[in-house]
Each structure stands twice: as structure tokens, then as C-alpha cells.
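To keep things clear, I will list the structure first and then write my remarks on it.
The values are calculated or read from the model by the stated rules, or taken from the named source; none is laboratory data. The model shown is predicted, which means the values in this text are computed figures rather than measured ones. Cβ coordinates were reconstructed from backbone atoms using ideal geometry, including for glycine residues, and neighbour counts include every protein chain displayed.
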Amino acid sequence: MRKRFIEPSHPAMLPVRLRLPVDMLAQPDEVTCGPTCLHAIYRYWGSEESLADVIGRTRRLEHGGTHAVFLACDALRRGYNATLYTFNLTLFDPSWFRAGVDISERLRLQAEFKDDHQLRHATAGYLEFLELGGRVRLTDPSRTLVRGLLRRRLPVLAGLSSTFLYRSPREYGPQDRPDDIRGEPAGHFVVLSGYDRRERKVQVADPYDPNPHGPNRRYWISIDRVIGATLLGIVTYDANLLVITPKSPA
């Protein structure tokens, strides 16, 4: 278990640059970025298991890939805490985050009224997530939020738009070929593992290898680009930041 980190209270004490030791493997195929990122988070917290095992138990979507909530459920079942910061207004109404609102009840009612297969599939995941003790938060997507989590030595698993992150062509067909006319935006998972306050950048641990940002699976990029890509993850039913932590000893 890693030592608890006490965040400095005075701005002058805050580090200009911070890097967390997140060791990211390459994803084995086009649809396993999510469990590969989850595997990196587990290793960060000292749990050694094979990537194949994590991939094998990750719930997949019909077209491949997964949702962040299914990764969070795996963490909860393994005894971790999990908090999802969501920006997905397709799935969540802002009024649900007021005191006294039963989010699980609202999700069930919404699924009854909306004939959307993806929404119902994601809803099932969130109902399980909440039942397992997961927490979902609606907050402003900002540099302050991202840097605040990283300052606490918490790597952040981001469900975002790779089309926006990479500035790459949209994808088309079963082979996800680049096609700027027929293509659709693509989703992706990465882990945010550091920041540079002066340069306004974050460090991204990216399982996609090789990726458009360089020969390594770790690179620095504008924090605003990452926030924008995260918000646009709504196109593929994510748009969230997932924080996984070990439970405190009793």
C-alpha cells in the first residue's frame, strides 16, 4: 500500500511538474484500451496480475470495446473504491445530483421511456456500479479538477474521444479504417499520470502503440485538449473521469 499523500495547502508549495509512476503496457488489439488502462491502475496500486486476466473478465460491447463504468465495476468487485466524474448528459440529468434524489431510480425510469440500446446497456452498468458502492459525481470539467486529483497521487482513467485527442480522421467499417466522409468518431481510454502547471499540460499514459503523439506510450499534451476530448467522449457514451483507490485499512 502506498503512503498517504498530504496535499500542500499553500500555492507556493504546489509542484510545478508532477509525474506518477504509471507503467502502461500496449493494448493487444483495437478494442482493449479500457482493460489495459485498468491493468495499469491496478499495477500502480501494487496489484500484480496478468493483462490477459483483466481483459478476460471485462464486459464488452457488441461492437467491441467497453464503458468506463464496467471497468469501475471490476475494481469495486476486487475491493477498491471507485468514483466516476461524469459529463454525459445523454445518460444523466443534472437535476439528479441534488440532495435527496435516488439516481438508481431515475436511471431505471429513463431506461423504460427511452428506446436506445446503448443507453440501456450503460444503464445496467451504472445500476450495478451504484449497488456495489460506486460513487458518481457531476462537476465542472476543469484544470483544477484534473490537477487536484493528480496532486493527491491519484492516476485518472479518462474515457474520451480519440478522434479529438489525436486530431485523426473518423473511422468506418469493421476494421475501423480512416474515412473522413463515411466515418464516425471513435472512443478511447487513457490514464492521466502527471501535469505541468507552467506549460498547462498533462502527461498521458496511452495504451495505443504506436500513437499519433509519438513513439512512446507516455507523452505531454495540452490539458485543454484532454478536457475537450473527455467532453466529446459523450459521442461514444463515455465522457468521464474514473478514479480508483484502495480501501483504507479498518
In the set Asp224, Asp238, Asp209, the lone residue that is among the charged types (D, E, K, R) and within 20 Å of Val136 (Cβ to Cβ) is Asp238
Could you list all residues from the range 134-175 that are farther than 19 Å from Cys37 by Cα and of a type in the set (Gly, Ala, Ser)?
-> Ser142, Gly148, Ser168, Gly173
Pair list, Cβ under 7 Å, 6 or more apart: the range 113-142 residue in contact (Cβ under 8 Å) with a residue 60 or more places away in the chain, other residue assigned to a helix (DSSP H, G or I) and among the small types (Gly, Ala, Ser) | Leu119/Ala111; Phe129/Ala72; Gly134/Ala72
Hits in the range 41-61 (condition: of a type in the set (Ser, Thr, Tyr), under 16 Å from the mean Cα position of the chain (by Cα) and modelled with pLDDT of 95 or more) | Tyr42, Tyr44
Single residue of the range 208-245 satisfying the filter (in contact with a Ser or Thr (Cβ under 9 Å, 6 or more places away or on another chain) and in a loop (DSSP other than H, G, I, E, B)) that is nearest to Thr36 (Cα to Cα) | Tyr208
Within the set of pairs 6+ apart or on separate chains, which have a first residue in the range 63-84 that is under 14 Å from Ala239 (Cα atoms), a second that is buried (at least 24 other Cβ atoms within 10 Å of the Cβ) and charged (D, E, K, R), and C-beta atoms under 7 Å apart?
-> His67/Asp238; Ala68/Asp238
Quick one: in the range 62-77, of everything that is surrounded by 24 or more Cβ atoms within 10 Å (Cβ to Cβ) and in a loop (DSSP other than H, G, I, E, B), which residue is farthest from the chain's Cα centre (by Cα)?
-> Thr66
With respect to Gly159, is the statement that it is on the phi > 0 side of the Ramachandran plot, out of contact with any Pro (no Cβ under 8 Å at 6 or more places or on another chain), not in a helix (DSSP H, G or I) and not β-branched (Val, Ile, Thr) true?
-> no
Which numbered condition Pro178 fails, given (1) closer than 22 Å to Pro35 by Cβ; (2) without any contact (Cβ under 8 Å) to a residue 12 or more places away in the chain = (1)
Of all residues in the range 215-227, which are in contact with a Pro (Cβ under 9 Å, 6 or more places away or on another chain) and modelled with pLDDT of 95 or more?
-> Ile227
Any chance you could count how many residues in the range 189-207 are crowded, with 24+ Cβ neighbours inside 10 Å, over 12 Å from the mean Cα position of the chain (by Cα) and outside any strand (DSSP E or B)?
-> 1
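Results for (1) of a type in the set (Ser, Thr, Tyr); (2) surrounded by 15 or more Cβ atoms within 10 Å (Cβ to Cβ); (3) in a helix (DSSP H, G or I), shown as yes or no for each residue.
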| site | (1), (2), (3) |
| --- | --- |
| Leu89 | no, no, no |
| Gln118 | no, yes, yes |
| Tyr126 | yes, yes, yes |
| Val136 | no, yes, no |
| Asp140 | no, no, no |
Restricted to the range 92-106 and to residues being part of a loop (DSSP other than H, G, I, E, B) and of a type outside the set (A, V, I, L, M), the residue surrounded by the fewest Cβ atoms within 10 Å (Cβ to Cβ) is Gly100
Test result for Pro212, at negative phi, in contact (Cβ under 8 Å) with a residue 24 or more places away in the chain, surrounded by fewer than 20 Cβ atoms within 10 Å (Cβ to Cβ) and of a type outside the set (Val, Ile, Thr) = yes
Taking into account only those residues within the range 24-59 that are in contact with a Phe, Trp or Tyr (Cβ under 7 Å, 6 or more places away or on another chain), touching a residue at least 60 places away in the same chain (Cβ under 8 Å) and assigned to a loop (DSSP other than H, G, I, E, B), which is surrounded by the most Cβ atoms within 10 Å (Cβ to Cβ)?
-> Gln27
